[in-house]
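The values are calculated or read from the model by the stated rules, or taken from the named source; none is laboratory data. If you're wondering where the values come from, they're calculated on a predicted model, not measured in any experiment. As a convention, Cβ positions derive from the backbone with ideal geometry for all residues, glycine included, and neighbour counts pool all protein chains shown. In case anyone asks, the SASA skips ligands and DNA or RNA and just uses the protein heavy atoms, side chains included. Shrake-Rupley method; radii C 1.70, N 1.55, O 1.52, S 1.80 Å.
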Amino acid sequence: MANLKLRRTQNVNGDFYVDTSCIDCDTCRWMAPEVFYRADEQSAVYQQPTNATERLTSLQALLACPTSSIGTVEKPQDIKIAQETFPILVEENVYHCGYHSEKSYAAASYFIQHPEGNILVDSPRFTPPLVKRLEEMGGIRYMYLTHRDDIADHQKFAEYFQCQRILHADDISADTRNVEIQLTGVEPFTLTEDILIIPVPGHSKGHTVLLYKNKFLFTGDHLAWSENLYQLNAFRDFCWYSWTEQIKSMRKLANYSFEWVLPGHGRRFHADVETMHQQMHKCIELMEVVK
């Protein structure tokens, strides 16, 4: 929990608050935008929850916060109810895990409840309430890691669930040298009939994305929605390998069809296929300008 003595002055009066340990990761602001906002390069509460729905999303944001920077003045008696809502349904059998990890700078992790074995997309914090829920939902067969940055507690999940981890060989480091399935090359890899892993070098040399049912695209740090630009965007300032290669990867990705962009960092985006195609081309045009 946060420290009341470090409560930011930018918070409105009331039960919920953000303290000065906030790392400005944006998690609470997109999970509960009716309560949290950005003030002086950190999050703060601009409006206290006004109903049960807003209180629940605020508690979910509190639990998801990677640095425990969100607190309540009064001990929340309904915190266990909020814990039981994770993972949070996105659509169909795709869920947001919550419990973001500071090790991954608060990257979002997702869970696919799949008939051929469940898949954890990138790693959240290894925390008992989430682990229990994932067990109840059938456990984990595969842990797919988009790239080297968002691996967090992958080792703990792998040991506990005895799942097979998937990561491109070009992003293997000392911490991931024992990953069970190491992808190579630049050709797409078919994991199941409805799951395709697509190499998209750029942000990192071995970055990949996962396309599920030609509908859900898990993009790691390759692609996300920008609230400031109000369009899909890539992160030029956080391209660690090659911006030129990332533009090439984005052009290749634009040939696929999908309706959801579910990133590790940045905002998610949902639209029909035609709108998504238009957004992809706008993204590429912007990338070519800023290179």
Practice task
Pull up the DSSP beta bridges for region 63-165 and report the antiparallel fraction as a percent, rounded to 5.
Solution key: 65 percent
Problem - Share, in percent, of DSSP beta bridges within the chain that are antiparallel, nearest 5 - result: 70 percent
Practice task
On the full set of protein chains, 1.4 Å probe, figure out the accessible area of residue 12 and give it in Å² to the nearest 10.
Solution key: 50 Å²
Practice task
Enumerate the calculated ³J(HN,Hα) couplings along region 218-230 in order (Karplus 6.51 cos²θ - 1.76 cosθ + 1.60, θ = phi - 60°), each rounded to whole Hz, writing x wherever the residue is Gly or Pro.
Solution key: 8, 10, x, 10, 7, 7, 7, 7, 9, 5, 5, 8, 6
Exercise for the section: Treating only the Cβ atoms of Lys and Arg (+1) and Asp and Glu (-1) as charged, compute the dipole magnitude of region 147-257 about its Cα centre; round to the nearest 20 debye. Expected result: 320 debye
Completion exercise
About its Cα centre, region 1-158 carries a charge dipole, from +1 on Lys and Arg Cβ atoms and -1 on Asp and Glu Cβ atoms, whose size in debye to the nearest 20 is 420 debye
Handout entry: Close Lys-Lys pairs in region 166-259, where close means Cα under 20 Å and separation is 8 or more or interchain
Key = 4
Practice task
Would you mind computing, in nm to one decimal, how far apart the modelled labels at residue 24 and residue 271 are, each placed 7 Å from Cα along Cα→Cβ?
Solution key: 2.8 nm
Practice task
Could you check how much of the accessible area of region 16-175 is carbon and sulfur, as a whole percent, using a 1.4 Å probe?
Solution key: 48 percent
Completion exercise
Given backbone amide H placed at 1.01 Å from N, residues whose amide H is under 5 Å from that of residue 219, ignoring those fewer than 5 places away on the same chain, are 262, 264
